[in-house]
1. How would chain B be classified by its alpha-carbon gyration tensor: rounded, prolate or oblate, with rounded meaning a/c under 1.5 and the a/b versus b/c comparison settling the rest?
2. Toward the positive end of the charge dipole of the range B:57-212, about the Cα centre and with charges on Cβ (Lys, Arg +1; Asp, Glu -1), which of B:Ile185, B:Ile101, B:Gly195 goes farthest?
3. Would you mind counting up the charge near B:Thr87? Only other residues with Cβ under 13 Å from its Cβ, with Lys and Arg at +1 and Asp and Glu at -1.
4. When the Cα centres of the range A:1-45 and the range B:104-155 are compared, how far apart do they sit, in Å?
5. Debye sum, Cα scatterers, the range B:11-50, no solvent: what log₁₀ I/I(0) at q = 0.22, 0.26, 0.29 1/Å?
6. If you build a Gaussian network model of chain A, linking Cα atoms that sit under 10 Å apart, which residue out of A:Asp169, A:Asp233, A:Asp244 swings the most?
7. What FRET efficiency comes out for the pair B:Ala43/A:Glu58, r = Cβ-Cβ distance, R0 = 35 Å, nearest 0.05?
8. So if I take the alpha carbon set of the range A:3-89, get Rg, then get Rh from the Kirkwood formula, what is the Rg over Rh ratio?
Amino acid sequence: MSEIKLKKSTSANVGTSFDIDHKDVPFNKLTLNVVHPITKEEWYMEYNKSDSKDVLIEKEDGVYAEEADVNYLKELWAANEYHNFLETSTLVAPLDGDLGVGVPSNTSVPKSTNTYDEVYVNKKLVRTDYNIGLHQAKPLIEEVEKVFGKDQDWKQNKFNILGTYTAHDDAPLRPPYTNVKTYSWYNVYSKPTQKLLDEFKVKNVGYTYKIWHSIKYNTVSGKKQLKAVISDDEYTSNYQKHPDTFIPRPEVPVYSVRHGTFFFAKIFNEDGTEADEYDVFFTTTKDIMKEFCEKKELTFPIPESREDDFIWIYGLVYDKNTLEIKQVKGYIRYPTEEGEWL
Amino acid sequence: MATPSSGAISLNEMHVEAGGSSGSECSINDSDIRLIANKSSGASASWNDYYDRAADFGITMTVGDGTHSTTVDYTTTTKRFRGFHKTSPAGTDHSTNPNGIGSINDNQDADYLGNYVIEFFATIGTQGVSNYSLRLVIESNGAITNNDTQFKSVVVNGTTFNRSDASFSQNPNADDKSSMWTWTISGTVPTSSSGSYPPFGVSGASNAITFRRSR
């Protein structure tokens with residue numbers, strides 16, 4: 001913990017400014033100058049009386065603040081603005097049939113199905129997820145069907161995704177996957193049905209599931225796994241009140257605090273056992289993520305040549321018992337050459 | 001036109017700013033003159049108390065309502081807006097729709113908000129979530145100073161919001177310059193245009209808004 005002395009300044013990176021409240025009582029405001037993570041515009045901000053009081057430390061010789069508090073406020077603003085950019089650049093209203101049962105009708109959907117996602121670990125491409133309607137998805141469906149037959153209505157939603165893996169010596173497969181012949185089918189705009197949860201013997205502990213889930217097809221072992229995606233809420237975050245549903249999590253970087261955008265995933269085997277590795281997902285800026293990785297002696301997942309691409313989410317794969325972070329994942333979305341996007 | 005900020009000041013200048021006719025009879029203890037300096041009847045006052053004072057800026061808003069749903073990682077959030085939004089600048093988190101929502105009968109006053117146009121004055125929050133924001137955005141043409149010459153408080157539909165309780169931000173060097181005040185409000189964002197979303201009334205209601213510099 002280190003305190004920094006603040007100058008009266010509206011132009012410094014961090015400073016204070018004088019004001020009076022509605023009762024004409026004088027007070028100091030915390031001021032910040034920040035750069036927008038996307039537009040690179042300069043923004044000047046003043047915190048209100050109450051928030052400033054929480055951060056500023058008034059002493060006889062001047063006004064101070066904890067450097068960590070100031071850094072948190074700056075990073076939180078940047079992460080939220082980055083998330084705002086993601087939200088407002090890619091979406092349109094749904095058409096009939098776009099959304100599954102129980103999904104609110106005013107839910108937005110991607111502008112285009114002509115997209116694919118690249119997943120990076122240790123700066124290496126480890127997985128590519130194709131929209132289910134793209135020609136690249138067709139051979140993947142065929143590979144899955146050779147072993148599992150028509151296990152699902154793969155295209156039940158036009159935004160569904162199918163992906164497969166690439167392993168590198170310095171970017172091994174995400175545990176517990178054992179080989180690159182594993183295929184991930186994502187069924188989106190649909191919560192996992194009770195029938196599906198029963199198929200994988202998932203206990204009903206009261207989690208709120210997100211409106212997508214994945215089935216992992218291991219075409220070598222012939223086994224399936226369910227990846228259930230779980231919202232972070234009081235039941236998963238408050239150990240004192242809900243010890244049975246609490247999900248332990250490692251330290252994470254400052255992330256966008258928009259509602260519902262911090263979540264977990266668990267992988268279930270067909271016998272109901274769960275993998276030792278959990279995922280935690282969040283959205284933040286590349287600068288914040290890089291700093292976090294450096295601090296934790298982890299490798300920032302995105303190669304330098306792709307850092308300015310559309311990184312829409314990061315994931316940490318961690319051991320649920322030790323909280324050791326085993327992988328840092330970064331997801332980038334791209335348009336295909338067939339389609340327009342952004 | 002606000003009263004002078006220094007130098008000679010006459011009772012007539014105070015009276016005119018308070019809404020009286022120039023040259024008409026008045027006294028320093030008249031309620032309209034006291035109001036611009038926030039003085040009670042019979043209170044002591046100095047001439048300095050009447051420097052840089054302005055009459056209230058009153059607006060009538062026909063309340064609008066709108067939603068905007070977004071999804072990034074298949075996670076959808078629906079934001080609800082209630083109040084007035086002139087247009088919908090792309091890429092801002094107060095984007096609603098291209099035609100905006102609601103209307104106001106006056107959007108500019110020489111003595112308030114740097115004489116800039118009000119672009120957005122509405123609540124903004126995620127449906128079903130506790131806590132939301134009341135946001136005021138003006139189209140500025142450079143940096144403005146966040147002090148009582150912009151406004152000291154604003155009364156919306158009977159509820160007072162003090163400027164000092166709002167966070168403030170601006171981007172004076174951007175192509176699309178704006179200045180913005182944001183208040184945090186406790187309460188749950190409704191899921192329909194008829195649901196309660198204070199301080200504004202339901203969609204279509206007529207709400208009084210008063211910007212004040214003296215109190």
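The numbers here are math on the coordinates, done by the rules we state, and not lab data. Just so you know, these numbers come straight off a predicted model, no measurement behind them. Because the Cβ atoms are built from the backbone with ideal geometry, glycine has one as well, and the counts that use them run over all protein chains shown.
1. Details: a/c = 2.56, a/b = 2.01, b/c = 1.27.
Prolate is the answer for chain B, as a/c is 1.5 or above and a/b outweighs b/c.
2. Farthest along the dipole direction, towards plus: B:Gly195.
3. -2
4. 19
5. -0.60, -0.84, -1.02
6. A:Asp169
7. Computed FRET efficiency for B:Ala43 and A:Glu58: 0.65.
8. On the way: Rg = 14.2 Å, Rh = 13.8 Å.
Result: Rg/Rh = 1.03.
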